[in-house]
Structures are given as C-alpha cells and as structure tokens.
Amino acid sequence: MKSYRKELWFEISQRRSFTCITPTVRTYVEESRVKEGLLLCNTMHITASVFINDNETGLHNDFEKWLEKLAPEKPYNQYQHNGYEDNADAHLKRTIMGREVVIAITNGKLDLGPWEEIFYGEFDGKRRKRVLVKIIGE
Amino acid sequence: MKSYRKELWFEISQRRSFTCITPTVRTYVEESRVKEGLLLCNTMHITASVFINDNETGLHNDFEKWLEKLAPEKPYNQYQHNGYEDNADAHLKRTIMGREVVIAITNGKLDLGPWEEIFYGEFDGKRRKRVLVKIIGE
Amino acid sequence: MKSYRKELWFEISQRRSFTCITPTVRTYVEESRVKEGLLLCNTMHITASVFINDNETGLHNDFEKWLEKLAPEKPYNQYQHNGYEDNADAHLKRTIMGREVVIAITNGKLDLGPWEEIFYGEFDGKRRKRVLVKIIGE
C-alpha cells in the first residue's frame, strides 16, 4: 500500500470566498503515483470547508446569500460563541457545506463526474489556513 | 490491496425522489471479494446526493417539505444560477443532504447499524445520472 | 494492509448533547498500530451524528439553538414520521451535522488541525447507541 500526504495553504483576503482546488489536487494525485485508491481532502480548520459543487459564479453568489440566511454573520451577539470571537456564523456555515470530501482514484486519476469541482470554502478569512490531502492505495 | 469500481445508473422520472440502493450496494461488496476495507459511495452529479437515513416514507415526505423550506425551488429568479438553468435549489438541497457516504466493510459485509439504509437522492431528475461505488481493502 | 474495528457505546441521559470523543479515538489509533492510513468514524444510528468542530460550550449552545431553528422538535405533529415516534427532528438535525468523518492517520497519529475535535452528537437520547471506528492502512 502506498500513502501520500500534502498540505495546501491559503490566505484569503476576504472573510468569505470559494476557491477551486481541483487542478492542484490533480497534481497531487500524479505525484502520489497511486493508481487505485481513495483520496481524502479536508480542511484542517473548523471555520472552513472542502466541498464539491459547480464552478459557476452565479451559484457561488447563491451559496453566499443562502448561507447568510441560514446562519447570519450579524448581529454578532446572537451567538454565545462570540465573546472574544466574532466567527460563530463561520462554524455554522462550514457545517452546512461540510469539512471534507472523499474521492476515488481510478487509473491514476480523480474519479469525478463531469461537473464535479473541488472547492476550498473560507468563512473566516484574513489568516493562514490549510487543507490536507491524504491518499492511500496502490 | 484489492480495489473495485462500479457505476450505478438512474433515470428518475420526477424532479425529486429518494431511492434505496442498499441491496444493490451489498451485491457490489460481494462481487468485490473485499473482506476488510472501506467503501465510498458518491453521486457523480452536483444536483443529487447519496446519504444514509431511515427507509420510511413519512420521513421522506418530511425531508421533501423541509428541504423545500430551507432551499425552495421557486421562484426560479431568486437564484443567480438560474439564467439558462432552473436547478439552483437542487445544488443547495444536495449540499444539505451530502454528496457521499463512506462505509466500513467488515467480514465481507457492509458494516451498517440496524436502521441505516443508503439512498440516492435526486433533486433535478428526468435525466440519466450515476452513482460511483469504489471499494478498497483486502 | 492492516484493518481495525471498534465500537464505542453511549447512553446519553438527555435528548440532545455533544460528547467529545477525540481522546478515545486516539487510543484506538494507537491500538490499531496503523502508521499511515484512513480512519472512518460514523454513528451507526440515524438520529445521531459524528462531526468535527470546536470544543467550546458557547458554540455548542449556538448549535443547539440553531438546529432547533432549522428543524424544531415541536410541535411533533408537523412531521409525518411522528406517528408512533417523536424523533423526526432528530433525523433532520443529524442530516445537518453529518453521519461520519474520515480522518487521515499520519505517523501513527490522527492528522487533525489545531482546533479540530471529534464529537458524538446525540439528537434522540435516553437509549444505548454506538459509534463505529474503522481503520485501514499500514
């Protein structure tokens, strides 16, 4: 069994944004030389997300508006967590979007559907954060 | 290490529905001859879901009503994504329900709890779509 | 390839609560002697959750309030599932929080970010339930 590990770092200049990371993850799959296996891609932070969806700006704006409706950022004092912090909404938003994705590797490639793209979702940016990619297989 | 891959195709006649796929996935586990390992089951489409919950019609109706409350289909023009498309709500609904499940395989069988059943959740049907099952183990 | 399986049992005295299980899961990783691999941690019940977030009481209270807003427990008769049961809300809440987490194992340890903690989320307690930990790797 082979295993491979890589960290992917971000420093997003806004509080919230979505960044497509599929091309980077593809290069990791090549580097790993794993032909058949599973790839885990997770954020290592609890106010961020890794998820799969469409690479379409209109939809990303819909996600932003929708997440603000389900878990509004303000007023900050609506959340007990916001004593020293102001990011309780980011914990909730990331819960909706998910922490991680698991993707099959087949014939040495990411086994994704035609429109599936991997995103890093930042909900409390302006600081350095990272995503973990772990691959096991043969 | 063994690996196994199978696609499971659907063409759902309604816009939304839930289909239990546990029996089919069980046959794939047998075919794979993997005794100890992990099984990934994910939709390959971004307006559909694979999730685990109860095989109970009343609950499925509750899910339908609840998802329509959290991410209503109409009016279509409430979503920026709905220029050429009308399925923005399906992207949001699938986000709530999840893209994938990972299930342990133990003694050659799906290692599920007593009420756990695997479902394909369609949120933008009337077209051919597929689920990927990937197994690795020994 | 090595594989390891363990069940972790709970009997929560309230209807809803969050229990940090990171220390227990760490001992399973040690017992498994897997150095590089993947760990699956999932609830085996469809009204409970395993998720990763912050070990902070204020945030847990925010989650409780937020989940009650998104999927209220009462009135019970708002849900079709609640004929003989009263736990439809628990199925919905667990869907938001997620069934499972997959975590990398690197150098024989859980490969978590600095604030990541694993929780068992109970949404329909007062009965015995369990979490499955499955590890594969080398």
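Read-outs throughout are calculated quantities, based only on the coordinates presented, and are distinct from any laboratory measurement. This structure is a prediction, so every number in the text was calculated from the model and none was measured. Backbone-built Cβ (ideal geometry, glycine too); neighbour counts: all protein chains shown.
A few points about this structure:
- Output for the range A:45-72, where each listed residue is within 13 Å of chain C (Cβ to nearest Cβ), of a type outside the set (S, T, N, Q) and crowded, with 21+ Cβ neighbours inside 10 Å: A:His45, A:Ile46, A:Ala48, A:Val50, A:Phe51, A:Trp66, A:Leu67, A:Ala71
- Given (1) more than 11 Å from chain C (Cβ to nearest Cβ); (2) within 30 Å of C:Glu7 (Cα to Cα); (3) aromatic (Phe, Trp, Tyr), number of the condition B:Tyr79 does not satisfy: (2)
- Residue count for the range A:1-12, restricted to those that are within 14 Å of chain C (Cβ to nearest Cβ) and either under 14 Å from A:Thr43 (Cα atoms) or not in a strand (DSSP E or B) (or both): 7
- When the range B:14-32 is filtered for residues that are surrounded by 13 or more Cβ atoms within 10 Å (Cβ to Cβ), polar (S, T, N, Q) and in contact (Cβ under 8 Å) with a residue 40 or more places away in the chain, the ones remaining, listed by number, are B:Ser17, B:Thr19, B:Thr22, B:Ser32.
- If you go through the range B:122-131 and keep only what is touching a Lys or Arg at 6+ places or on another chain (Cβ under 7 Å) and assigned to a strand (DSSP E or B), you end up with just B:Glu122.
- Residue in the range B:82-116 that is farthest from the chain's Cα centre (by Cα), counting only those that are under 22 Å from A:Val101 (Cα atoms) and among the basic types (Lys, Arg): B:Lys93
- Checking each residue in the range C:91-114 for being part of a loop (DSSP other than H, G, I, E, B) and either away from chain A (no Cβ under 11 Å) or closer than 26 Å to C:Leu70 by Cα (or both) picks out C:Gly98, C:Arg99, C:Gly108.
- Close pairs (6 angstrom Cβ cut-off, 6 or more residues apart or separate chains): facing chain A (nearest Cβ under 7 Å) and among the aromatic types (Phe, Trp, Tyr) in the range B:33-44, outside any strand (DSSP E or B) and surrounded by fewer than 21 Cβ atoms within 10 Å (Cβ to Cβ) anywhere: none
- Qualifying positions in the range B:68-81 - assigned to a helix (DSSP H, G or I) and either more than 17 Å from C:Ile96 (Cβ to Cβ) or touching a residue at least 40 places away in the same chain (Cβ under 8 Å) (or both): B:Tyr76, B:Asn77, B:Gln78
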